[in-house]
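Below is one structure; the comments refer to it alone.
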Amino acid sequence: MSAAPLVHRPSAAADVLVSRAHVLDPREGIDAPHDVLIRDGAIAEIAPPGSLEPPEGAERVDGEGRHLLPAFVDPHVHLRTPGQKHKEDLDTGTRAAAAGGFCAVIAMPNTDPVVDSAPILRALRDEAAREARIPVGFTPCITQGMDGAKLTEMAELRDLGAVGFTDDGKPVVSAGMLRLALQYQRMVGGVLALHEEDPALSGRGAMHEGVVSAMLGVSGIPSISESTMIARDAAIAGYEGGRIHVQHVSAVESVEAIADAKSRGVQVTGEASPHHLVLTDEEVRSLDTRMKMNPPLRSERDRQAIVDALRDGTLDCVATDHAPHARDEKEVPFEQAPMGTTGLETAFAALHTELVLPGVLPLGLVVERMTAGGALFGLEVPRIEVGREANLTLVDLAAEWVVGEDGYESRSENCCFAGRRLTGRVLLTIAAGSVAYRQRAFALTAA
Ligand SMILES: [Zn+2]
Ligand SMILES: [Zn+2]
């Protein structure tokens, strides 16, 4: 029998009454104030607001004026373990996730060493069982050493709990290698999550190739570096009948390639990152290295295409691509800086502030897309339904805060939203039936 897909350090089951919160779960069709009682880590009762009293031993959490949502699932994070714990580890990374309202994350394998063998995956899962505050799923590499030449033992890794496979950080350059990986994927299950980029087109680019890069004299990464690889890989997936998931889609041409593949019945899904949904290459004019990520922030036209694709379902889910880097690694000239931004602690607030409040996307749709990513890897979708394990987040949609002002739960602070005033704050997260996070000020007022 295969191992469970998710691992975390078990902690006390929650006994909590959230009273009078506005409960919103688009899948359950709930959008109204309720009392929600969590007993022994499971949703025991959903009742009219103010009708329930906390049973003996249960804590009351005041939900008045706040929203109770199904907790989010992030299918794309970098927890930097093993080997780069100065950036992040399983404790700090999952703490950051819980602080962002997430109840589960899927970790990428471009660590040191990379996760490309059974012993490494086994050791990593053992570590997660000791340290992770919320459940973590792992996607080992598609190719050994992530160098694109030889497949990993995909069947064995699946038996050990791999939820999918990816060489994220790098593309699978060889079409033949991707074809072979898809043939195995069809046999063993899971999904191939693809970082789509043609290195021959990206070259030494450090930002989006466009008006801003030309003005700054910084070499650019053209959109076709991403879109041509998506078109190629979707064609191979269609031919083989395999399943691919396109990571961090950034360009309008890429959205078109995915929409085209979907219309032809190819099993392809896609994700959008908060930074690509909110920011553009205009931010790079400052040469702030927190604005350097891969794929890069692109034009306003691209940003709008990503938003539209998330709305119409061409892109299936939100994924942060949380990519922590130490301060000294980022405090170098723009062209030398490593690529990546942290994102777990700001994802919901950034999307709420920049897309929900101006009326671009409805709150329910953002919640749906922020909870959808795990299902693409075979994980259960969090739902606010009696009998389910509690995976919930309580948010204050009116709370304003400045990103970074109170520090971060993540070990790294390379956040592209640093210094921004955002509206909407996670107060409490219950993951896998246990309280995983309480916002500090909220915990004080509740006590
Ligand atoms: Zn990537
Ligand atoms: Zn990534």
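Observations on the model:
- For ALA372, the residues 5 or more places off, or on other chains, whose built amide H falls under 5 Å of its own are VAL73, VAL318.
- Our estimate of slack between ARG285 and GLN304, defined as 0.36 nm per intervening residue step minus the Cα-Cα distance, is 4.9 nm.
- Packing, taken as the mean count of other beta carbons within 10 Å per residue, orders the peptides 235-241, 28-34, 128-134, 300-306 from highest to lowest as 128-134, 300-306, 235-241, 28-34.
- With both labels modelled 7 Å from their Cα along Cα-to-Cβ, the ALA47 to ALA12 distance reads 2.3 nm.
- The mean sequence separation of alpha-carbon pairs under 8 Å and at least six residues apart, normalised by the residue count of region 2-124, gives a relative contact order of 21 percent.
- Only Lys, Arg (+1) and Asp, Glu (-1) charged, at Cβ; region 74-207 dipole about Cα centre in debye: 80 debye
- Helical runs (DSSP H, four residues minimum) scored at -39500 (n - 2.57) apiece and divided by the length of the chain put the mean residue ellipticity at 222 nm at -8000 deg cm²/dmol.
- Residue-by-residue Karplus 3J(HN,Hα) for region 65-70, coefficients 6.51, -1.76, 1.60, Hz, glycine and proline x: x, 10, 10, 9, 10, x
- Mean-position separation - Cα centroids, region 66-126 and region 316-378, in angstrom: 15 Å
- Selected from ALA372, GLY313, THR228, residue furthest toward positive end of dipole (the chain; charges at beta carbon): THR228
- DSSP bridge pairs, the chain: antiparallel proportion in percent, nearest 5: 55 percent
- Overall form of region 288-330: oblate. Here a/c, set by the Cα gyration tensor axes a ≥ b ≥ c, is 1.5 or more, and a/b is not larger than b/c.
- Toward the positive end of the charge dipole of the chain, with +1 on the Cβ of Lys and Arg and -1 on the Cβ of Asp and Glu, the farthest Cα among THR280, THR139, PRO333 is that of THR139.
- Over every Cα atom in region 205-350, the radius of gyration and the widest Cα-Cα span, Dmax, amount to 15.4, 47 Å.
- In sequence order, calculated HN-Hα J values of region 403-416 (Karplus, 6.51, -1.76, 1.60; Hz; x Gly/Pro): 4, x, 4, 9, x, 10, 6, 4, 6, 10, 10, 7, 9, 5
- Annotation: amide H of LEU151 within the under-5 Å range of GLN144, sequence separation 5 or more or interchain, hydrogens built in the peptide plane.
- Size of electric dipole in region 284-396: Cβ of Lys, Arg +1 and of Asp, Glu -1, about Cα centre, debye, nearest 20: 200 debye
- Student exercise, the chain dipole from Lys, Arg, Asp, Glu Cβ charges, in Debye to nearest 20: 340 debye
- Helix runs (DSSP H) in the chain reaching 15 Å along axis by Cα, Kyte-Doolittle at least 0.0: 175-188, 224-240, 252-263
- Were the residues from ARG186 through MET215 laid out at 0.36 nm apart, the gain over their Cα-Cα distance would be 5.8 nm.
- Farthest toward the positive end of the dipole of region 403-446, out of GLY424, ALA441, TYR408, is the Cα of GLY424, where the dipole comes from beta carbon charges about the Cα centre.
- Out-of-range pairs (alpha-carbon distance over 25 Å; input LYS150/LYS330; LYS170/LYS292; LYS85/LYS292): LYS150/LYS330
- The protection proxy used here, the mean number of other Cβ atoms lying within 10 Å of each residue, ranks peptides 275-287, 204-216 as follows, highest first: 275-287, 204-216.
- Environment charge of ALA13, counting only residues whose C-beta is closer than 11 Å and scoring Lys/Arg +1, Asp/Glu -1: -2
- Contact order relative to length of the chain, as percent, for alpha carbon pairs under 8 angstrom and 6 or more apart: 20 percent
- Taking amide H as placed 1.01 Å from N in the peptide plane, GLU59 has its amide H under 5 Å from the amide H of ASP15, VAL16, LEU17, each at least 5 places away in sequence or on another chain.
- Working from the Cα coordinates of the chain, the gyration tensor eigenvalues give, after taking √(5λ), semi-axes of 34, 25, 21 Å in decreasing order.
- Each residue of region 151-161 was assigned a 3J(HN,Hα) from its phi angle through the Karplus expression (A = 6.51, B = -1.76, C = 1.60, θ = phi - 60°), giving 5, 6, 7, 4, 5, 4, 5, 4, 4, 7, x Hz with x at Gly and Pro.
- Most mobile listed residue (ASP312, ASP233, ASP159) in the chain, GNM with C-alpha springs under 10 Å: ASP312
Coordinate-derived values only; no laboratory data. Fair warning: this is a prediction, and the values are worked out from it, not measured in the lab. Note that we place each Cβ from the backbone using ideal geometry, even for glycine, and neighbour counts take in every protein chain shown.
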